Each structure stands twice: as C-alpha cells, then as structure tokens.
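Structure first, then comments.
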Amino acid sequence: MTDATDKTYRKIKDLPLEEEVAPGSPLCAGCGGLEGLRLAEKVLGHNVVYSNAAGCFTLMSIFPFNPLRGSWLYTTMSAPTATSQGIRDALDIRKNKYGMPESEDLQVMVIAGDGSTYDMGLSPTSAAIHRKLDFIYFCYDNQGYGNTGFQLSASSPYGSHTQTAPPALEHPAGAEQESKDIFEIWKAHNPVYLATVTPREPVDLANKFAKAKTLKGPRLFICLAPCPTGWGFDPSLMHQIAKLAVDTGIFPVREYFEGKVTHTKIPRKRVPVEKYLELQQRFRHLFEPKRQDEIIAHIQQKVDDYWKPYE
Ligand SMILES: Cc1ncc(C[n+]2csc(CCOP(=O)(O)OP(=O)(O)O)c2C)c(N)n1
Ligand code: SF4
C-alpha cells in the first residue's frame, strides 16, 4: 500500500525520458493542459486507451494523425466516462471470457475539459464513481469552454471575463458566481484516489500518477490548465502563471486518499492574489480603467478563508 509520503520521483531528472505525447499537435503554444497530460503520460506509459470529450484536446488528432502512443477515441462532451465504461467492459470480457492475458490489458482514461467535467458530463461521471468503475479521469481545467471561444463554465472563477459573462456597467465583476467545487463534489463520492495537479509541479504530478497507477477503481485528476488564448497571456508566461496559482494559494495542490485530504504543496508565505490576476487579460477589468478593490479583496478573502484551518 502506498501513502501520501511515498515518493517514486524525487527530482525532475527522475521522470521517464520517453514521450507518449508527440510534439507538433495543433493545440496552442504554451497550453498548460497539454503539458500536464504530457507529464502524466510519461508515468502511465502507452498501454492506455483514451476517451476524449469534445473540446480543445480533440484537436490533437487530425485524421489520420494522432500524437498519442495509446489508442484514442473521440466522444461527445457528456459521454467520455460512459464511453470508458464500455471500453472497460470490453477489455474485461476479453480477459475473462476469451483469455486475453493480463499483460495485454489497457488503462482506460478519460480526457475532458472543465465544461465537460463540471457541467455536461458530471452526472455520468458521478454514476461511474459510485459504481467504482476502474478508470482514470484527467480534467484539464482551463476554466472555460475554450474550444468554442471561451464561454463561461461552472469552473470560471468569480471576477473573470468570459465571452458569455463579460464585465459590464451592471456586472462589474464579469463572472459573478463562485465556481463549483468539483474537488469536494468528487470527494463526496469517496473515489479510490483524487488529486489536483499543475504542470508547474512536475514531480508532484508524476508521483500522484505513479500512485494512481498502483490502484484500481475511480482515480480522478484536476489539472490546472493555464490557457494563453482564453486567459489572455503570452505563452511564455504559462509556467509563471501556474506557479503563481500555487504561491497565491488560489489553486490548492492536494490529494484525497483513504478518507484523508493532504496538501502536497503548502504555500507558507502566500503571495497576494493580485500578482496572479494582473498578468491575465481575463482579469484586466479589475485593474483598468479603474481598480475594483472590492472584487480583488473578495477573491483574496476566499483564498485566506480556505487556508485558515491549515495555518
Ligand atoms: C452538447 C454540446 N454542446 C456544445 C458543443 C460544442 N462544443 C464543442 S467543444 C466545446 C467546448 C468544450 O469546453 P470544455 O469541456 O471546457 O473543453 P475545452 O474546449 O476548454 O478544451 C463546445 C461547447 C458540443 N460539442 N456538445
Ligand atoms: S485554447 Fe487554451 S486549453 Fe485550448 S488548446 Fe489553446 S491553450 Fe490549450
């Protein structure tokens, strides 16, 4: 059995050199979600079959090319988890009825954006976790419907600009509601493993996937996916923004295992949230033409409230 302190990888040099995601896909330069997937696949290897919900990552594959070494299947936004159930069943039938050796078995993995995860596909995923489907779920969370022009999703943060909730005189914050807490929603289902990861913490990410690889049942990942196109920043800033998300405490890096939540990175001296906000065009209206102190303070307060019990 593994525990939260187990470490397979100690430094970035320990990560496998093999690449499972080939370069040159049509995704945007500096896509944080793609970097997260690339790191995850280094650990999972190529005996993986992907069920990919409609979204940015379906653009990875342009027939007949596919940058992934594993098999890949494209599904509707609501169906990647239901599809992975079908794949899992087919593999189990081949093993149990037709003698397929264990060594030929494949890891079934959902790839989905937050629109699919938090909104359209939430119900089938809830049912699959409940019946303990043996699968991995990778949500690259860019906090909006990226592929169709960055509309508001249930993950879009309060105070951000999206295409369907732009800031206006009567709606100075832009997005006015808090995002859904998908970590808590999934945790309430008591999955075998649940973790948040970021491309800026590759060793932490790799260790979490290594741990998930040893387990069976629902293993769920929320990967912060800084998105130059939707968030409005230069692709070269992707790592800086991912780092600030952790250093400000806005994105808690944690795992849920055997009934316990553990923070695997604790920002001891938190950077003020505005250092993270001010680098992104989607929060520009909080600073220009007039600084919106109340909204910035609200965002800071929420982060402070989250970390209070851990200080
Ligand atoms: C039911 C349904 N409505 C709308 C669409 C159009 N559509 C395709 S991709 C997409 C955005 C998906 O957003 P998300 O899941 O967050 O992934 P991202 O695009 O950010 O990668 C939308 C709305 C669709 N495919 N299915
Ligand atoms: S829009 Fe964002 S999430 Fe989609 S491919 Fe581009 S950078 Fe990645």
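Coordinate-derived values only; no laboratory data. The structure displayed is predicted, hence computed values, not measured ones. Here the Cβ is made from the backbone with ideal geometry for all residues, glycine too, and neighbour counts use every protein chain on show.
Summing +1 for each Lys or Arg and -1 for each Asp or Glu among the other residues whose beta-carbon sits under 13 angstrom from that of Ala128 gives +2. The trypsin sites (Lys or Arg not before Pro) of segment 153-258 meeting both criteria, a DSSP state outside H, G, I, E and B (loop) and at most 13 other C-beta atoms within 10 angstrom of the site's C-beta, are Lys216. Between the Cα long axis of helix 32-44 and the first principal axis of the chain there is an angle of about 30°, rounded to the nearest 10. A cut-off of 5 Å between modelled amide H atoms, ignoring neighbours fewer than 5 places along the same chain, links Leu68 with Ala22. Any idea what angle helix 238-247 forms with the longest principal axis of the chain, computed on alpha-carbon atoms, 0 to 90 degrees, nearest 10? Once rounded, the angle reads 80 degrees. Counting Lys and Arg as +1 and Asp and Glu as -1 over every other residue whose Cβ lies under 14 Å from the Cβ of Gly146, the net charge comes to -2.
Using 24 Å as the Cα-Cα cut-off, could you pick out the over-long pairs in Lys180/Lys290; Lys13/Lys216; Lys132/Lys208; Lys180/Lys243; Lys11/Lys208; Lys13/Lys132? Pairs exceeding 24 Å: Lys180/Lys290; Lys13/Lys216; Lys13/Lys132.
Sequence-ordered 3J(HN,Hα) estimates for segment 223-236 from the Karplus curve with 6.51, -1.76 and 1.60 and θ = phi - 60° stand at 9, 4, 10, x, 10, x, 6, x, 8, x, 8, 5, x, 5 Hz, glycine and proline given as x.
Once C-alpha pairs closer than 8 Å and six or more residues apart are averaged by separation and normalised to the residue number of the chain, the relative contact order reads 18 percent.
When only the Cβ of Lys, Arg, Asp and Glu is charged (+1, +1, -1, -1), the dipole of the chain relative to its Cα centre reaches about 660 debye.
Here the sum of -39500 (n - 2.57) over DSSP H runs of 4 or more residues, divided by the residues of the chain, equals -8500 deg cm²/dmol at 222 nm, to the nearest 500. The angle between the Cα long axis of helix 80-96 and the main principal axis of the chain comes to about 20°, on a 0 to 90 degree scale. Residue order for Ser71, Ser103, Ser153, fewest other beta carbons within 10 angstrom first, comes to Ser103, Ser71, Ser153. Phi angles across segment 19-24 convert, under the Karplus curve 6.51 cos²θ - 1.76 cosθ + 1.60 with θ = phi - 60°, into 3J(HN,Hα) values of 9, 9, 10, 6, x, x Hz, Gly and Pro given as x. Once the C-beta distance of Glu170 and Arg94 is scaled by a Förster radius of 41 Å, the resulting FRET efficiency is 0.10 to the nearest 0.05. Positive-end ranking of Tyr158, Pro199, Pro172 along the dipole of segment 140-203, with charges on Cβ about the Cα centre, is headed by Pro199. Given their separation in residues at 0.36 nm each and the Cα-Cα distance between them, Ala22 and Glu178 gain 52.5 nm when the chain is fully extended. Sparse packing (at most 15 other Cβ atoms within 10 Å of the Cβ) combined with a DSSP loop state is found for the following GluC sites (Glu not before Pro) in segment 213-274: Glu258. Remark: Met77, Met100, Met60 ranked as Met100, Met77, Met60, counting other beta-carbon atoms within 10 Å and listing the fewest first.
For chymotrypsin sites (Phe, Trp or Tyr not before Pro), the sites in segment 139-230 that DSSP calls loop and that have at most 16 other Cβ atoms within 10 Å are Tyr158. Computed 3J(HN,Hα) for segment 266-271, one whole-Hz value per residue from the Karplus formula 6.51 cos²θ - 1.76 cosθ + 1.60 where θ = phi - 60°, is 10, x, 5, 10, 5, 6, glycine and proline marked x.
Spin-label pair Gln281-Leu73: with each label point 7 Å from Cα along the Cα-Cβ axis, the two points sit 3.7 nm from one another.
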